[in-house]
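The structure appears right after this line, and notes come after that.
The values are calculated or read from the model by the stated rules, or taken from the named source; none is laboratory data. Keep in mind that what you see is a predicted model, and the values were worked out from it rather than measured. Note: ideal-geometry Cβ built from the backbone for every residue, glycine included; neighbour counts use all protein chains shown. Remember, those area values only see protein heavy atoms, side chains included, never the ligands or the DNA or RNA. Shrake-Rupley method; radii C 1.70, N 1.55, O 1.52, S 1.80 Å.
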Amino acid sequence: MTDSKYFTTTKKGEIFELKAELNSDKKEKKKEAVKKVIASMTVGKDVSALFPDVVNCMQTDNLELKKLVYLYLMNYAKSQPDMAIMAVNTFVKDCEDLNPLIRALAVRTMGCIRVDKITEYLCEPLRKCLKDEDPYVRKTAAVCVAKLHDINAQLVEDQGFLDTLKDLISDSNPMVVANAVAALSEIAESHPNSNLLDLNPQTINKLLTALNECTEWGQIFILDCLASYLPRDDRESQSICERVTPRLSHANSAVVLSAVKVLMKFMEMLPKDLDYYGTLLKKLAPPLVTLLSAEPELQYVALRNINLIVQKRPEILKHEMKVFFVKYNDPIYVKLEKLDIMIRLASQANIAQVLAELKEYATEVDVDFVRKAVRAIGRCAIKVEQSAERCVSTLLDLIQTKVNYVVQEAIVVIKDIFRKYPNKYESVIATLCENLDSLDEPEARAAMIWIVGEYAERIDNADELLESFLEGFHDESTQVQLQLLTAIVKLFLKKPTETQELVQQVLSLATQDSDNPDLRDRGYIYWRLLSTDPVAAKEVVLAEKPLISEETDLIEPTLLEELICHIGTLASVYHKPPSAFVEGSRGVQHKRLPPRAGSGESTESPDVGQSGPSEAPPAVIPSQGDLLGDLLNLDLAPPTATVPSVQPSMQMGAMDLLGGGLDSLMGDESDTMGAGLGAAPAAMPASLGSAPAVGGGLGDLFDLGGGVGMPTGSYVAPKTVWLLAMKAKGLEISGTFARRGGIIQMDLSLTNKAMSVMTDFAIQFNRNSFGLAPAGPLQVLTPLSPNQTIDVSLPLSTSGPVMKMEPLNNLQVAVKNNIDVFYFSCQYPLSLLFVEDGKMDRQVFLATWKDIPNDNEAQFQIKDIHLNSDVASNKLQGSNIFTIAKRTVEGQDMLYQSVKLTNGIWVLAEMRIQTGNPNYTVNGNKET
Amino acid sequence: MIHSLFLVNASGDIFLEKHWKSVVSRSVCDYFFEALERATEPENVPPVIPTPHHFLINVLRHRIYFVAVIQSEVPPLFVIEFLHRVVDTFQDYFGVCSEAAIKDNVVVVYELLEEMLDNGFPLATESNILKELIKPPTILRTVVNTITGSTNVGEQLPTGQLSVVPWRRTGVKYTNNEAYFDVVEEIDAIIDKSGSTITAEIQGVIDACVKLTGMPDLTLSFMNPRLLDDVSFHPCVRFKRWEAERILSFIPPDGNFRLLSYHVSSQNLVAIPVYVKHNISFREGSSQGRFELTLGPKQTMGKAVESVLVSSQLPRGVLNANLSPSQGTYTFDPVTKLLSWDVGKINPQKLPSLKGSVSLQTGASKPDENPTINIQFKIQQLAISGLKVNRLDMYGEKYKPFKGIKYMTKAGKFQVRT
């Protein structure tokens, strides 16, 4: 007698029959009926009509029946909320049962019933269960908090369950600890900025202890949680690593991979010369290899992660090439991943083996795989120079097989080999030409045409070959057409006498008979070039081409770092940051590897430090003279009134001067400047104009000094709206920046335009150019009721992490409240960063001025300022732009000024003011 | 966390669904079916499939796809491991894991799934604990239940679940106390045309069947523990002791379990127990090809190679094969082009061979690819890596248990290229 009988009843009156059975007096019959109902439910039949009858069966001392009814309730309570209330009493009673199994079952089921009305009744029993004497009940209750949070986050916070949950991290039972961590992690996912998992050395210690004793699943949660901790120093990091390494021998591959994540991350902090560092590297290889002997699905995920690990630390697996050799019955997704890793591990030492394998794969059945294998041979040639010759001969062997798709792939990769090693393997061209007719894929055809064009002088019948392609010009794909056009022009430039007709033909085909704009325009360009200046055409078309780089598909280093922090997650499978695809993770914080200890470097990413002198393009100083000028205008009206009127002419505000200008000035000293200012932004976006707070930079400084407000203080722009209420579920934020008494402040007005009260405000900045960060929490003490506005002043420090922003003064801000997290970006005036001790000694000024290379200099004009030099000087001083000296030459006042930024950069300026001429000329100079 | 689970059979029908949080419509599986359609072979469905709002993570076992639906960032390995655990549990409970078995026991399946996962968090996945919570269906119990009206749901809190040794239940009693260990090694190897080894590695496991009364504490030591440098242990093994003394010390779970699995990598020398001489050739322009295979024992330490099964996927252009085996039987499936030869035992004095001709379809050109030969075999009483158990001791209990250790070597993915 089996359960399959429950599936057989398909009669029309089924529901009625079941109803009758459910209301039967006989226990046995009742249970059978409930089982039938459950069976129908599992296959997706709607049996919700039986709700009251099933619920009636709930009050029973038969545990199985109770469980079955609970199963039913979880499924259908949502659709029958009123009926579900009937069950509440039984739940509450069960939560106090003597049997801990029933207590746990009740609290577990109650949490699964996603009906608001029920959740209210859940709070009291849940509170009791969280403090239950039986750990089985406590661990179930911990998960229940997460369930409840999913249904009603506010309720969980109001009831203080989060704190109780945090307390459970210190529970004596490791299972309870693991579940508490799991629940907190899940809750934290929807509250990215809340400090739920407040990790400190004490809690870390507790977690590490629990790690040894809890179940495999608990270990995964704990390891993932550990991975988000940032150890204080390399010692702590090492001791955590030591306690995590035993997990590498766990039978559960998810535990292993999570442990690998923790180790890969914390390893970053260990000094490389430490013995332990080497030991750890050795320990990482065997578990990774073992993952490859598991089921194919596990292998796939492992391989995707190994791909990352190999890019980050190739030394770990460099001797393990063989385990990535493909077995012919591996699923295709495993094969392709293995191939990718093989190429990454290929080196001079193992290239012979790799090539032999790749050649073997090229004869397999699976077309996709064969293609990729052929391509891999080409990638090996480009990666390992010593092997190039062997790769080419292998490819030639493959071409001899005459298998159509093999030949085509081979030609595509040989083209790349030519681009990497020009003038080395051209002897093979003859063989390639033999296969011309068999090429039917655009990519292969284009590659072949490129080769013919590039080496036209060595191919006797190049014109015939190209002509043969020309016949069906209009049927070719764009790729081929473009390539054909270029190739024939190349040919013409190399052998002008015989090919004139051909080139005219292709040019007319491209320009007159084609409606593809790309093709037409390229045709016209060639045509003009050839007709106006053939010599120039030669220089352009036959110019020496840069070699292609070694590996084209490496993951960009910052992304790689982030992905290393996400080993074992979906992000690592897709090689994309979690923010790119995971729904509901709006606020995923970008994780970075910790800095290595003892190196003294800041956390700046390598690519920033590299922007040396050669990379800094010449300064693009905006030609508008209205830079400071506009702003210097002597409008005596209060700033609020002036701002809108200045706006249109402020397109390139002072910010631009200091942003774009400074930036390029500093190009060659970027190494000392820290991250932020490495490469110069070529041009500032015009959007600056729409952000008066920014545009108001220097200029507005002048406005203010003119009359209103604090004559000695710096200028404060009026508040602008940064976050619209409609975009932020009713929260409107406007604000501005100010420098008061040497402290940078962010003045915010928070307005609640929603219907409900807002609480729990918090704020965070993304990394930015000058390391601005909140110096304290956002002080919103009272809840913000609807239509209320609060003004807050948030002191800022400049000691936060630094990252170059675009534009330079851009600041990305996240504000959280009880409803959600919101993001906006705003721009701060650079004058915010001028420090009070920016007055340079005269002598120093003179010496420095001379020492600064000319490249660091920029000049521009400020128009329409009717101020005399003294007044201007005073105004500027209010914003910490100090006049060091003044000189009068031929009726011109020369002001020499210095400014110091918070990051220690000095800017020196010479301001020339001609009496009677409203235009100022400023010479900017910068040093550090 | 894991939101929902769908079970899909080979013909693409959803025959069971289970939701741990809110209900996810089964239409989400359409993305899975799309991927299934694209895949050339059933096993080529990618394990992780993105959809606009969810991710589908699936495993294929026993011709059933277990498709888990997740909504937020969850470690995929965690999900895959869990799904495999579900399959293992079903197999453990019902003997086989098939659509019929699952449908036959749908209520138990549901109870199990509910017990294994709570709100997406794994709750109880240890077979020992589950069996205390939900008793596996047996014929006897079904009959008894029908008569007495009792249930297969345990009334007691699983005692082991919260103890220091969660894998073992208390109060175990046996009249015959026995502990058996099987050392099973599988060789994965790729041999090239000329017979030299490209890569060979060993996946070994020690499976145990322990039926001992009370709380026995066992130690197992090896003659040559240095072979085991890449091991994964059952949670019961004391890792510190292993690190320090290379001795396995543990309180075993009750019944069958995998004590450890290990991996002997390709960097060590791995003995290859069989060799194959082959000559498979097609001539250009001819519709006939030659086919010759001879098997022989290589490094077997004097043990017999048994249960040999040779299979090979012949090229698509092959129409039929006309072969004669010196022993055993062969079959050729003209549809799938799969040749398989059940050899049996290899007699070193008279080597088994399979010779004859294969015919190509008329007009078919000479095949481009060379068939790979897959070999399965077994060697009793031998662990090919050379691993040997030194001794097994028991502490903590007074009685004298019966102990036994068995060795076996099998072919894993053993492939010979031609």
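Do we have any residue at all in region B:374-387 that's β-branched (Val, Ile, Thr), touching a residue at least 12 places away in the same chain (Cβ under 8 Å) and farther than 28 Å from A:Glu295 by Cβ?
no
Regarding region A:246-259, can at least one residue be identified that is away from chain B (no Cβ under 11 Å) and surrounded by 24 or more Cβ atoms within 10 Å (Cβ to Cβ)?
Yes, some residue in region A:246-259 is away from chain B (no Cβ under 11 Å) and surrounded by 24 or more Cβ atoms within 10 Å (Cβ to Cβ).
When only residues in region A:556-589 that are open to solvent by less than 30 Å² (accessible area, probe 1.4 Å) and of a type in the set (Val, Ile, Thr) count, which is modelled with the lowest pLDDT?
That would be A:Val582.
Kindly establish whether A:Thr558 is touching a Ser or Thr at 6+ places or on another chain (Cβ under 6 Å) and hydroxyl-bearing (Ser, Thr, Tyr).
Considered against the rule, which asks whether it is touching a Ser or Thr at 6+ places or on another chain (Cβ under 6 Å) and hydroxyl-bearing (Ser, Thr, Tyr), A:Thr558 comes out as yes.
Just the residues that are at pLDDT below 90 and either out of contact with any Asp or Glu (no Cβ under 6 Å at 6 or more places or on another chain) or of a type in the set (S, T, N, Q) (or both), please, taken from region B:214-226.
Correct list: B:Met215, B:Asn224, B:Pro225, B:Arg226.
List the residue pairs whose Cβ atoms are under 6 Å apart, where the first residue sits in region B:104-116 and is facing chain A (nearest Cβ under 8 Å), the second is surrounded by fewer than 21 Cβ atoms within 10 Å (Cβ to Cβ) and assigned to a helix (DSSP H, G or I), and the two are 6 or more positions apart or on different chains.
B:Asn105/B:Phe94; B:Val107/A:Lys35
So B:Phe291 fits all but one of (1) within 14 Å of chain A (Cβ to nearest Cβ); (2) crowded, with 19+ Cβ neighbours inside 10 Å; what number is the exception?
Of everything listed in (1) within 14 Å of chain A (Cβ to nearest Cβ); (2) crowded, with 19+ Cβ neighbours inside 10 Å, B:Phe291 misses just condition (1).
Kindly establish whether B:Glu186 is more than 24 Å from A:Thr279 (Cβ to Cβ) and open to solvent by 60 Å² or more (accessible area, probe 1.4 Å).
Values: more than 24 Å from A:Thr279 (Cβ to Cβ): yes; open to solvent by 60 Å² or more (accessible area, probe 1.4 Å): yes.
Judged against the criteria, B:Glu186 is a match.
Hey, could you check region A:778-795 for residues that are outside any strand (DSSP E or B) and touching a strand residue (DSSP E or B) at 6+ places or on another chain (Cβ under 7 Å) and say which is most open to solvent (accessible area, probe 1.4 Å)?
My answer is A:Asn787.
Do we find a residue being more than 8 Å from chain A (Cβ to nearest Cβ), among the aliphatic types (A, V, I, L, M) and in contact (Cβ under 8 Å) with a residue 60 or more places away in the chain anywhere in region B:85-94?
Taking every residue of region B:85-94 in turn, at least one turns out to be more than 8 Å from chain A (Cβ to nearest Cβ), among the aliphatic types (A, V, I, L, M) and in contact (Cβ under 8 Å) with a residue 60 or more places away in the chain.
For residues that are of a type in the set (S, T, N, Q) and open to solvent by less than 30 Å² (accessible area, probe 1.4 Å), scanning just region B:42-76, find the one that is nearest to A:Glu189 (Cα to Cα).
Ranking the candidates gives B:Ser72 first.
Scan region A:413-429 for residues that are under 18 Å from A:Leu547 (Cα atoms) and open to solvent by 10 Å² or more (accessible area, probe 1.4 Å) and report the count.
10
May I ask you to verify whether B:Asn374 is under 28 Å from B:Arg316 (Cβ atoms), open to solvent by 30 Å² or more (accessible area, probe 1.4 Å) and within 14 Å of chain A (Cβ to nearest Cβ)?
Against the criterion (under 28 Å from B:Arg316 (Cβ atoms), open to solvent by 30 Å² or more (accessible area, probe 1.4 Å) and within 14 Å of chain A (Cβ to nearest Cβ)), B:Asn374 does not qualify.
Quick one: how many residues across region A:830-841 are open to solvent by less than 10 Å² (accessible area, probe 1.4 Å) and of a type outside the set (Gly, Ala, Ser)?
Qualifying residue count for the region: 4.
Where residues in region A:510-555 are within 30 Å of A:His575 (Cα to Cα) and open to solvent by less than 80 Å² (accessible area, probe 1.4 Å), which of them is modelled with the lowest pLDDT?
Out of the qualifying residues, it is A:Glu551.
Pull up region A:842-888, narrow it to residues that are within 43 Å of the chain's Cα centre (by Cα) and of a type in the set (Gly, Ala, Ser), then point me to the one that is surrounded by the most Cβ atoms within 10 Å (Cβ to Cβ).
This residue is A:Ser879.
Among the helices (runs of 4 or more DSSP H) contained in region A:42-156, which hold 3 or more residues that are within 14 Å of chain B (Cβ to nearest Cβ) and not hydrophobic (A, V, I, L, M, F, W, C)?
In region A:42-156, A:63-76, A:100-112, A:135-151 are the helices (runs of 4 or more DSSP H) which contain 3 or more residues that are within 14 Å of chain B (Cβ to nearest Cβ) and not hydrophobic (A, V, I, L, M, F, W, C).
Restricting to region B:320-342, what's the tally of residues that are crowded, with 16+ Cβ neighbours inside 10 Å, more than 29 Å from the chain's Cα centre (by Cα) and either under 22 Å from A:Val365 (Cβ atoms) or without any contact (Cβ under 8 Å) to a residue 24 or more places away in the chain (or both)?
Looking only at that region, the number is 2.
Given the criteria within 12 Å of chain A (Cβ to nearest Cβ) and outside any loop (DSSP other than H, G, I, E, B), does B:Ser4 qualify? Break it down into steps so the answer makes sense when it comes.
Working: within 12 Å of chain A (Cβ to nearest Cβ): yes; outside any loop (DSSP other than H, G, I, E, B): yes.
Criteria met by B:Ser4.
Taking into account only those residues within region A:312-325 that are within 17 Å of A:Cys380 (Cα to Cα) and open to solvent by less than 10 Å² (accessible area, probe 1.4 Å), which is modelled with the lowest pLDDT?
A:Met321
Do any strands (runs of 3 or more DSSP E) entirely within region B:244-346 hold 3 or more residues that are closer than 26 Å to B:Gly412 by Cβ and aliphatic (A, V, I, L, M), and if so, which? Even if it seems obvious, please write down each step before you answer.
Working: elements: B:247-250, B:255-264, B:274-282, B:288-297, B:306-313, B:318-325, B:329-333, B:338-344.
Strands (runs of 3 or more DSSP E) meeting the threshold: B:255-264, B:274-282, B:306-313, B:338-344.
Report yes if A:Ile399 is of a type in the set (A, V, I, L, M, F, W, C), in contact with a Ser or Thr (Cβ under 7 Å, 6 or more places away or on another chain), within 14 Å of chain B (Cβ to nearest Cβ) and open to solvent by less than 10 Å² (accessible area, probe 1.4 Å), otherwise no.
yes
Looking at region A:896-914, I want the residues that are at positive phi and have a partner that is open to solvent by less than 30 Å² (accessible area, probe 1.4 Å) and not in a loop (DSSP other than H, G, I, E, B) with Cβ atoms under 9 Å, at least 6 apart or on another chain. Which pairs are those?
Taking only residues 6 or more apart or on different chains, the pairs are A:Gly904/A:Met673.
Scan region B:7-41 residue by residue and report those that are more than 10 Å from chain A (Cβ to nearest Cβ) and open to solvent by less than 70 Å² (accessible area, probe 1.4 Å).
Within region B:7-41, B:Val8, B:Asn9, B:Ala10, B:Gly12, B:Val24, B:Ser27, B:Val28, B:Cys29, B:Phe32, B:Phe33, B:Ala35, B:Leu36 meet the criteria.
Would you mention how many residues in region B:46-72 are facing another protein chain (nearest Cβ under 8 Å), part of a loop (DSSP other than H, G, I, E, B) and touching a residue at least 12 places away in the same chain (Cβ under 8 Å)?
Going through region B:46-72 one residue at a time, the tally reaches 4.
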